[in-house]
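Asks: Would you mind keeping the following structure in view while I ask a few things?
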Amino acid sequence: MMPLRWTGLRAIAAAVAITLAGSGWQSVSAGPHRTAPYRWTNVKVGAGGYAPNIVFSPAERGLAYLRTDMGGAYRWDAKVQRWIPLQDGNATPSYMGIESIAPDPRNPDIVTMAAGMNAGQPAAILRSADRGQTWRVTPVPFAMGGNEDGRGLGERLAVDPNDPQRLFFGSRHDGLWRSDDAGATWRKVTTFPVAGLGRPASRKTHGGVAFVAIDATSGGGGTGSRRIWAGVADPGEVHLFRSDDGGKTWVAAPGPALLAAKGVIDSRGVLWVGYASGLGPSGIRTGAVWRYAPDGTGRDVTPAAWRETGAEGAFLGVAVSAMAPGTVAISTVDRYRHGDSLWVSRDDGGHWDDVGARSRRDVSETPFLLHEGKGADFGHWISGLAIDPFDPGHVAYTTGATVYATRSLGKADVRWAPWTKGIEQTAIITLVSPTGGAPLISGFGDLAGFVHDDLTASPQPTFTNPYMSNTNTIDYAGLAPNVIVRSGSLYLDRPREASMGRSEDGGRTWTALTLPPMGDPARREDLNGDWPITVSADGATMAVGTPVPQVSRDRGKSWTVVRGLPGKTRSVADKCDPRTFYAVDIARGRVLVSRDAAASFAPVAGGGLPADLTPAGRRGREAQSALVVDPGRSGTMWLQAGERLFRSTDGGVSFDPASGALQVELFGLGKNAVFAVGTLDGIRGVWRSVDTGKTWSRIDDDAHRWGGRYRVVLGDPRREGRVYLGTDGRGIFYGDPVAAR
C-alpha cells in the first residue's frame, strides 16, 4: 500500500494544527467579543484517575512521560520537581485520550504520541521537538481507544533506536502501520499477518496490535534495526510475531493461548511479554509471563508463587532495567483475592521476589486515597510499570487512582509514595460553592467527593455514611450553609442501604438517609442513585425527585409524597426563603412553584419562556440542573432551555432572555455574575457576564482549553469574579480575574 500523504487531511491538520505556548495550544480566534484575563489554577487532589502507563526517557536522566486515558499527557520536569500537563491548550476532546507515547531514544527533546479517545472519535499522531511544549498534529485514518478497554496494553508506538525517523504503530482495528519520516506520514504494513478486525459496530473494542518492541542490538546507527516484535490482543491462534528483516516478513513465535498484552525489550535483545486472558483493565481471569531470546526461543517464567495463590489476574506491568541486564519487574492486575503486587527477578526470571509483601505506602500528601474508608493498598488497575534507566532502585507504577514511586526497590523495606505533584486527572460530576463554610464542595466520579477547605491541599475523605463512589447531586441550605445533602451511586453496583446523605457540619460528617422502598425489590428505585435531593434555605426541609417525589421535615426520619410534582423531577430551593421551591414540568412545558416547603407544587405563568421546555429536562443522573436560583436574591432564578438562558426576578411569573448571542452548554451563578460554557463568535470557551447575560467576556484563553471536556461551571457567591470549572479528565480549576496593570 502506498504511503498516505494526507493531501486531503492536511487541510484538517492545518485547522487543528497546533502550537503550544507553555502548555497551551494556539487556536484560531476571531470576532468582536470581549476578553477578561483570568488566572487558572487546579484545585489540588493529586492525580485521582487511571494512568495506563509511565515511560522513562532513555536519552536523559530525570525525564519521564505519563499518559492518561482522558486527561492528556504529562512530562516530569526534574528542575521544578513536578509533572507538567502537555495538552491544556488542546481544544479537541478526543485528543485527551492517549493511546500510546514514545520518547525518542536518542534526542530527549523529541516525543511522539498517539491520541484518540475511542473508535468513533478523531485520532491523530502528535509530534513534538520541544518536550511537548508545541505539537504538530497528523490526523490518521486508523481509530484509537485511549479510553477504551485495553488502554493498559502497549506500548503500541515504537521508535527505532537505530533510525529514529522510522516508527511503528500497532492499531486496534487496522493492523500494523509504519512511518519513515518521524510520524509525518504513515502506511500500512501489508505483510503483517494480522490485518485487523475492523471497527466494531457496538461499544465493544478490539485489542489489535497491542505492542511493538524494536531490538536495538539487531542494527546499527543509520541502518535501522532488523528485529521487530509485535504482540496481538485479538482472538486467534497466534499472538506474537517476529520480523528479522525490518518488518518486511513475519514469523509466528511460540506462546500461551492468551493475549499478548505488554512487551518490553532489554539491552541484550531479550523480549519480556505479559500475557492476559482479556484486554483489561477489568475482567482478566488469568495470565502468564514469558521470556524470548533474540533467536525467538521462548520460555514460561511466570512466578510460581502467583500460580500457587490461584493464578488470578494477569500481568499488564512489565519493565526491565537498562543498567542491570537480567533484572525484570512485573505487576499484576485484577488479583482480587490476594491483592495486586509487584515481583522482581534478577536472574532472568529464574526466581522472583514478591515486593508487595514488604512494601509500605505513605499517602500523607494525597489523603484522598483513603476515600473508601480503608488503608492505602498496593493499588488496582496496575498496568504501567517502569524502572528508571539511570537508577535501578527508582521504580514507578500506575494505578486506577495514582502513580506510586520508590527509590528503595533493592532494600528490605520498600517505601512507596504518590508521585503526583502537578497531576490532576479526575472526572467531576457536580460542584457547589456554599454561602458559608468551605469555598467548594465537590462530587466526583469514582472518588465520591470532598470538602475543599483549602484549594491548594489534597482533601481529607469525609463522604461516608453512606459511601458512594459517584456523587451525582449536592445541595446546601442557603441560610444555614453547614447543612449539606448529597445523592449518589456505587461503582460496580456494590450492595448498599442508602444512596443519600445529610450533613449538619458542612460535609465533615454524615447521616445516611433512607427513603421508602420503591420499585422492583431486586432493583430498588430509592437506592439506585439517580434521584436529586434538595434542601430548603433553613435546612429544615428535604425534597427528593424520586419516581414518586418525597419530602421530609424531620431530617429524614419520615417521608411524605409531594403533591403536584411529576415523578423524576428535580426541584430547587430558594436560597433565601425556606418555604419556596421551584421546578420545571417538562411534559407540560411549565414552571412549578411551592410556597409550602415542598408539600405541594402549582404552576405559575412562566411568561416569556419557549413553549417547548423539553431541552430543560434533566438528562441522566449526572446532568446539571437547568434551573438555578440566585444565592443572594429571593425569587430570582435562571433557566436554560436548549442553548438559551432565561431569567426571572418574580418567582417564575415572567422570564426575560438572558444569554444574548452566546450558545450556552453549561452555566452557573456567582457573586454579581453569571458564568457559562458556550460558543460566541464561533469560539467555544468559558464566559462571564456582569450585566445579566446581555454581553459576555471570554475568560479562558488558548492556553487553557483542557480538551473542551467540561462538566460543570459555577461562581463563588462570596468572592466576586471567582469561578469553578469541573472538567472530564483534568480535575477542577478555579479562576480569578487578573488585575489590570
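The values are calculated or read from the model by the stated rules, or taken from the named source; none is laboratory data. Note that the structure is predicted; figures quoted are calculated from it, not measured. Positions of Cβ are backbone-derived with ideal geometry, glycine not excepted, and every protein chain shown enters the neighbour counts. What goes into the accessible areas is simple: the full protein's heavy atoms, side chains included, and nothing from ligands, DNA or RNA. Shrake-Rupley method; radii C 1.70, N 1.55, O 1.52, S 1.80 Å.
Asks: Give the relative contact order (percent, whole number) for the chain; include only Cα pairs under 8 Å separated by 6+ residues.
Replies: 11 percent
Asks: Right, here's the next one. Rounded to the nearest 500, what is the 222 nm mean residue ellipticity of the chain from helices alone, with -39500 (n - 2.57) per DSSP H run of 4+ residues and division by all residues?
Replies: -500 deg cm²/dmol
Asks: Calculate the length of the line joining the C-alpha centroid of the stretch 60-127 to that of the stretch 562-606, in whole Å.
Replies: Measuring centre to centre over Cα atoms gives 48 Å.
Asks: Write out the trypsin sites (Lys or Arg not before Pro) in the stretch 445-513 meeting two conditions: DSSP loop, and at most 16 other Cβ atoms within 10 Å of their Cβ.
Replies: Within the stretch 445-513, the qualifying trypsin sites (Lys or Arg not before Pro) (loop, at most 16 other Cβ atoms within 10 Å) are ARG508.
Asks: Here is a follow-up. For the stretch 78-84, what does the Karplus curve 6.51 cos²θ - 1.76 cosθ + 1.60, with θ = phi - 60°, yield as ³J(HN,Hα) per residue in whole Hz, taken in order and with x for Gly and Pro?
Replies: Here the 3J(HN,Hα) series is 5, 5, 9, 6, 7, 7, 9 Hz.
Asks: On to the next question. Compute the relative contact order of the stretch 548-687 as a whole-number percentage, counting only Cα pairs closer than 8 Å that sit 6 or more residues apart in sequence.
Replies: Worked out over the stretch 548-687, it gives 15 percent.
Asks: With r defined as the distance between the Cβ atoms of ALA587 and ASP377 and R0 fixed at 45 Å, what FRET efficiency is calculated, to the nearest 0.05?
Replies: Efficiency, from the Cβ-Cβ distance: 0.40.
Asks: I've got another one for you. Return, ordered by residue number, the residues of the stretch 593-637 whose backbone nitrogen is under 15 Å from a label point located 7 Å along Cα→Cβ of GLU665.
Replies: Inside the label zone: 623-624.
Asks: Turning to a different aspect of this structure: ASP454 to ASP362: FRET efficiency via 1/(1 + (r/R0)^6), r the Cβ-Cβ distance, R0 25 Å, to the nearest 0.05?
Replies: Efficiency at R0 = 25 Å is approximately 0.80.
Asks: Now, a different point. Quick check: Cα centre of the stretch 128-178 to Cα centre of the stretch 311-374, how many Å?
Replies: The distance from the Cα centre of the stretch 128-178 to that of the stretch 311-374 comes to 27 Å.
Asks: Calculate the spin-label point distance for GLU720 paired with ASN107, positioning each point 7 Å from the Cα along the beta-carbon direction, and give it in nanometres.
Replies: Reported label-point gap for ASN107 and GLU720 is 5.2 nm.
Asks: With a 1.4 Å probe and every protein chain left in place, work out the accessible area per residue of the stretch 189-292 in Å², rounded to a whole number.
Replies: That works out to 39 Å² for each residue.
Asks: A further question on this structure: Ignoring ligands and nucleic acids, what accessible area does HIS452 show with a 1.4 Å probe (Å², nearest 10)?
Replies: 0 Å²
Asks: Now for a different question. Full extension from VAL238 to VAL80: what is 0.36 nm times the residue separation minus their Cα-Cα distance, to one decimal in nm?
Replies: That pair, VAL238 and VAL80, stretches by 52.3 nm at full extension.
Asks: Please compute the per residue accessible area over the stretch 642-741 with all protein chains in place, 1.4 Å probe, rounded to a whole number of Å².
Replies: That works out to 36 Å² for each residue.
Asks: Express in % the proportion of alpha carbon pairs of the stretch 243-297 at distances exceeding 16 Å.
Replies: Every Cα pair in the stretch 243-297 considered, those over 16 Å come to 49 percent.
Asks: Normalised by the number of residues in the stretch 607-705, what is the relative contact order in percent for Cα pairs under 8 Å and 6+ residues apart?
Replies: About 17 percent, as a whole number.
Asks: For the stretch 305-441, what does the accessible surface come to per residue with a 1.4 Å probe? Please give it in Å².
Replies: About 34 Å² of surface per residue is accessible.
Asks: If you project the alpha carbons of the chain onto their three principal axes, what span does each projection cover, largest first, in Å?
Replies: 82, 58, 49
Asks: For every other residue with a beta carbon closer than 12 angstrom to the beta carbon of ARG502, add +1 if it is Lys or Arg and -1 if Asp or Glu, then tell me the sum.
Replies: Net local charge, ARG502 excluded: -1.
Asks: Of the heavy-atom accessible surface of the chain (probe 1.4 angstrom), what whole percent is carbon and sulfur?
Replies: C and S fraction of accessible area: 51 percent.
Asks: What FRET efficiency comes out for THR297 versus ALA703 if R0 is 60 angstrom and r is the Cβ-Cβ distance? Round to the nearest 0.05.
Replies: Efficiency, from the Cβ-Cβ distance: 0.70.
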